[in-house]
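Colleague: Supplied in C-alpha cells, the structure appears directly below.
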Amino acid sequence: DFVARECARGLMDAGLTTGVPVIFGVLTTETQAQAEERASITRMNKGRESMEAALEMIGLLAARPRARVRRVR
C-alpha cells in the first residue's frame, strides 16, 4: 500500500506541476503469481491497459486545437 500510494502521489504531483497527463501503471503485488497473472497476455495484461490509455490520451491531445504533446525524456 505504501509503495502504490507514494507512486500515485509522485505521479499526481508531476502531472499537476507540468500539466502533462500521467498514466499510472504501477503494479503492487504480494506474490510472483499475482504479478504473472496481472501481466499475462491472455488474461488481465495491466501493462497493455496502461499503454492503451496512454495512446488514447495522446490521440485526444493531438486532436485538440493547438494542443501540444510534450515528449518525456
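Colleague: Need a quick list: helices (runs of 4 or more DSSP H) entirely within the chain having at least 1 residues that are open to solvent by 100 Å² or more (accessible area, probe 1.4 Å) and modelled with pLDDT under 85.
Modeller: 2-18
Colleague: Being without any contact (Cβ under 8 Å) to a residue 24 or more places away in the chain and of a type in the set (Asp, Glu) is the filter; apply it to region 35-62 and report the residue that is nearest to Phe24 (Cα to Cα).
Modeller: Among those that are without any contact (Cβ under 8 Å) to a residue 24 or more places away in the chain and of a type in the set (Asp, Glu), it is Glu52.
The values are calculated or read from the model by the stated rules, or taken from the named source; none is laboratory data. Please read these numbers as outputs of a predicted model, since none were measured by experiment. Cβ atoms come from the backbone with ideal geometry, glycine included; neighbour counts cover every protein chain shown. For accessibility, only protein heavy atoms count, side chains too; no ligands or nucleic acids. Shrake-Rupley method; radii C 1.70, N 1.55, O 1.52, S 1.80 Å.
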